[in-house]
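Asker: Let me begin by handing over the structure; questions about it come next.
The values are calculated or read from the model by the stated rules, or taken from the named source; none is laboratory data. Note that this is a predicted model, so its numbers are computed, not measured. We place every Cβ from the backbone using ideal geometry, glycine too, and count neighbours over all the protein chains shown.
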Amino acid sequence: MAPRTKIVATIGPASQSSEVLESLMLAGMDVARIGLAHGTVEEHVDRIARIRAAAAATGRTVGILADLPGPKVRAGAFADGGVFLLEGERLALAPGGEGARSDERRIEIDVPTILSDLHPGDPVILGDGGVRLLVDEVHESAVWVTVESGGRLQGRPGVTLPAGRNGPRAPTAHDLELLQAMVDVDIDMVAVSFVTSASDITAVRDAAGPDGPMLVAKIETAEAVADLDNIIAEADAVMVARGDLGVRLAAEDVPHHQKRIIKRSVAYGRPVITATQMLESMTTSPSPTRAEVSDVANAVFDGTSAVMLSGETAIGHDPVNVVRTMARITERAEVEADWVSWGRDLGRLQTASSAGVPVPVRVTAAISAAAWRAVQDVDASAIICATRSGATARAIARFRPHVPIFAVSPLERTARQLSLSWGVTPLASAEYTSTDEIVWYAVESAVQQGLVKSGDVVAVLAGSPEDPEPVTDSLRLVRVR
């Protein structure tokens with residue numbers, strides 16, 4: 001059996017050719033991520049076309065995740081070669097607009113309210129966290145800071161202000177422009193960066209329209225951690241964005257937040273991605289460090305739906321080797337994972353029975369829980385989900401059943417979106433008009449593709465196509481003949 005934990009790989013200069021894309025898919029890439037912060041819209045659209053062509057060539061169902069840049073605060077550009085700030089040095093921070101410049105004495109920041117946002121004693125972090133400044137004084141034209149932890153700065157490094165201070169909110173005007181371009185090409189999933197509350201997700205959903213893509217909430221701010229349940233409830237999926245999360249919160253807290261975010265997301269039936277520095281050494285090395293292998297395996301034990309590669313596949317020297325390595329690690333970790341205990345414990349975390357949750361959601365949750373128990377009781381060979389929206393497959397996937405999950409859908413985009421869901425193999429189907437027809441076609445499709453055989457018992461989850469509200473209200477145990 002292929003790894004059930006899905007692999008998200010970022011596509012960049014090292015991996016955008018048709019040949020490499022096809023090799024990545026055959027190596028185990030389930031979702032291709034495109035970082036919209038780098039490149040033009042035309043370049044992004046071209047990559048999307050290449051990914052879809054490669055998927056067709058390999059016969060793989062591969063989803064595409066477009067990652068919005070979000071309200072990233074940045075410093076003005078440093079001269080070529082950058083500067084090195086030494087511990088104990090003093091310098092000024094000031095607001096900077098278009099074409100802002102920075103040097104070792106003055107750093108301009110693209111937040112016009114920076115003078116009122118900062119107060120004595122505040123920390124300001126630059127880049128990936130290596131440079132840390134401490135605010136001494138706030139004057140009319142600049143904020144004076146002392147370098148608490150020095151390091152090299154070059155280009156336009158990111159700037160992290162204390163949590164809760166004013167600054168641009170997600171989604172930005174630029175995010176919405178990029179979102180529309182992605183909606184125009186029928187993108188499968190969009191990641192929303194620097195989410196601070198559920199209302200940020202709502203704003204993106206409203207802009208995308210009723211038939212918009214799945215929305216992935218990136219948890220990378222202290223505010224998002226504080227509003228976690230509301231954000232998960234509003235989003236379609238979640239990403240543990242450990243890079244910025246580790247800058248904004250104490251590094252030693254990040255593993256604990258990771259476990260909590262994964263647990264809560266799965267309880268809500270949301271796919272969850274663990275991201276950042278998973279196999280970073282493989283950007284240049286042919287093999288990972290032992291710590292990286294343990295990190296990936298522990299994410300699997302935590303219950304993550306997917307693990308993500310960033311620079312390793314975007315600019316790394318051998319992206320295909322990285323994906324193969326990730327697949328081997330996840331497959332080995334899954335052998336040791338205690339999925340039976342996971343599913344049993346999930347019953348105590350059920351959020352679908354809480355007050356205010358719509359009846360169709362509660363019914364789907366109850367039926368999927370019954371299916372998980374039935375599969376164990378009858379030693380079923382597989383679970384087959386007939387689904388239009390993907391909700392049925394995501395509902396049963398949260399139990400991490402020990403048997404394969406096959407999701408049969410007449411909608412191509414739903415199939416691509418399910419490429420992010422743990423343990424789910426999407427299958428194309430025809431339209432259906434009755435529950436009986438749904439069940440028959442779902443089983444027949446699995447038989448024809450050699451996924452189940454005569455004598456197998458399979459659990460089939462379905463709903464009525466005539467129901468005005470999507471709901472999974474049918475569970476049948478079928479002996480394949």
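Asker: What are the residues in the stretch 153-191 that are of a type in the set (A, V, I, L, M, F, W, C), surrounded by fewer than 16 Cβ atoms within 10 Å (Cβ to Cβ) and not in a helix (DSSP H, G or I), if any?
Answerer: Across the stretch 153-191, the qualifying residues are Ala163, Val185.
Asker: Given the residues Glu336, Glu331, Glu312, which is the only one that is charged (D, E, K, R), out of contact with any Lys or Arg (no Cβ under 6 Å at 6 or more places or on another chain) and buried (at least 19 other Cβ atoms within 10 Å of the Cβ)?
Answerer: Exactly one residue qualifies, and that residue is Glu312.
Asker: So which residues in the stretch 362-374 are touching a helix residue (DSSP H, G or I) at 6+ places or on another chain (Cβ under 9 Å) and in contact (Cβ under 8 Å) with a residue 60 or more places away in the chain, if there are any at all? Walk me through how you get there before you give the answer.
Answerer: At the first step, the residues of the stretch 362-374 found to be touching a helix residue (DSSP H, G or I) at 6+ places or on another chain (Cβ under 9 Å) are 364-365, 367-369, 371-373.
Answer for the stretch 362-374, where residues must be touching a helix residue (DSSP H, G or I) at 6+ places or on another chain (Cβ under 9 Å) and in contact (Cβ under 8 Å) with a residue 60 or more places away in the chain: Thr364, Ala365, Ile367, Ser368, Ala371.
Asker: Confirm whether Arg388 is among the charged types (D, E, K, R), surrounded by fewer than 24 Cβ atoms within 10 Å (Cβ to Cβ) and out of contact with any Lys or Arg (no Cβ under 7 Å at 6 or more places or on another chain).
Answerer: yes
Asker: Another one. Among the candidates Leu461, Leu451, Leu411, which residue alone is among the aliphatic types (A, V, I, L, M) and within 22 Å of the chain's Cα centre (by Cα)? Spell out the reasoning first.
Answerer: On the way: Leu461 fails: within 22 Å of the chain's Cα centre (by Cα); Leu451 fails: within 22 Å of the chain's Cα centre (by Cα).
On inspection, the qualifying residue turns out to be Leu411.
Asker: Please give the number of the condition Ala2 fails out of (1) at pLDDT 95 or above; (2) within 30 Å of Val408 (Cβ to Cβ).
Answerer: Failed condition: (1).
Asker: Can you say whether Gly150 is at pLDDT below 85, surrounded by 15 or more Cβ atoms within 10 Å (Cβ to Cβ), small (Gly, Ala, Ser) and not assigned by TED's automatic domain parsing to the domain that holds Ser197, as far as the supplied structure shows?
Answerer: Criteria not met by Gly150.
Table: residues versus (1) hydrophobic (A, V, I, L, M, F, W, C); (2) out of contact with any helix residue (DSSP H, G or I) (no Cβ under 6 Å at 6 or more places or on another chain); (3) farther than 28 Å from Ala9 by Cβ.
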site	(1), (2), (3)
Glu89	no, yes, yes
Gly130	no, yes, no
Val159	yes, yes, yes
Asp188	no, no, no
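Asker: Follow-up. Which of the numbered conditions does Glu437 fail, given that it passes all the others? Conditions: (1) modelled with pLDDT of 85 or more; (2) assigned to a helix (DSSP H, G or I); (3) over 27 Å from the mean Cα position of the chain (by Cα).
Answerer: (1)
Asker: Residue check, Gln258 against (1) at pLDDT below 95; (2) buried (at least 17 other Cβ atoms within 10 Å of the Cβ); (3) closer than 28 Å to Val73 by Cβ, all met but one. Which one?
Answerer: It fails just one condition, (1).
Asker: Just checking, does the stretch 460-467 include any residue being assigned to a loop (DSSP other than H, G, I, E, B), buried (at least 17 other Cβ atoms within 10 Å of the Cβ), touching a Phe, Trp or Tyr at 6+ places or on another chain (Cβ under 6 Å) and of a type outside the set (D, E, K, R)?
Answerer: No; the residues of the stretch 460-467 include none that is assigned to a loop (DSSP other than H, G, I, E, B), buried (at least 17 other Cβ atoms within 10 Å of the Cβ), touching a Phe, Trp or Tyr at 6+ places or on another chain (Cβ under 6 Å) and of a type outside the set (D, E, K, R).
Asker: Please give the strands (runs of 3 or more DSSP E) falling wholly within the stretch 27-144 in which 1 or more residues are surrounded by fewer than 17 Cβ atoms within 10 Å (Cβ to Cβ) and over 21 Å from the mean Cα position of the chain (by Cα).
Answerer: Ranges flagged: 83-85, 90-95, 106-109, 123-126, 131-138.
Asker: Can you name the condition, by its number, that Gly59 falls short on among (1) in contact with a Gly (Cβ under 9 Å, 6 or more places away or on another chain); (2) of a type in the set (Gly, Ala, Ser); (3) closer than 30 Å to Val266 by Cα?
Answerer: In the conditions (1) in contact with a Gly (Cβ under 9 Å, 6 or more places away or on another chain); (2) of a type in the set (Gly, Ala, Ser); (3) closer than 30 Å to Val266 by Cα, Gly59 misses (1) alone.
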